[in-house]
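**Student:** Quick one: structure below, then a few questions.
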Amino acid sequence: MSSTLGGSFGLAIPVTVYSAVEKTGNMGAAASIGLLANAVFARLALLAIVTIIPKDSVKKSLESGINEPLEDRESLLLKVAKKIN
């Protein structure tokens with residue numbers, strides 16, 4: 001649901017800016033400012049993602065999954081294969 005809501009706001013904001021600027025009579029400027037508004041919101045979203053997502057915990061979780069011993073993986077695969085058969 002959040003992706004649908006984000007998509008609708010991502011469309012509604014530039015269209016609103018375009019409509020407001022188009023009333024001045026300059027269609028080219030309206031299109032440019034509408035695209036610029038979309039780019040500004042994209043940069044704000046990227047900035048929010050970079051600041052909110054913790055970098056250390058992601059690295060630790062990736063490293064812990066990669067560094068588990070090979071024997072544990074093999075025994076896990078054998079258990080899964082036995083359950084399937």
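**Student:** Tabulate in residue order the Karplus-calculated ³J(HN,Hα) for the range 25-34, using 6.51 cos²θ - 1.76 cosθ + 1.60 with θ = phi - 60°, rounded to whole Hz; enter x for Gly and Pro.
**Tutor:** For the range 25-34, the Karplus curve yields x, 9, 5, x, 5, 5, 5, 5, 5, x Hz.
**Student:** Now, a different point. Full-extension gain between Ala81 and Thr4, please, as 0.36 nm times their residue separation minus the C-alpha to C-alpha distance.
**Tutor:** So the chain would gain 23.8 nm between Ala81 and Thr4.
**Student:** Further, regarding this structure: For the range 1-53, what class follows from the C-alpha gyration tensor (a ≥ b ≥ c being the square roots of its eigenvalues): rounded when a/c is under 1.5, otherwise prolate if a/b is larger than b/c, else oblate?
**Tutor:** Oblate shape, in that a/c is at least 1.5 and b/c is the bigger or equal ratio.
FYI, it's all coordinate maths here, none of it is from the lab. Quantities reported herein were computed from a predicted structural model and do not represent experimental measurements.
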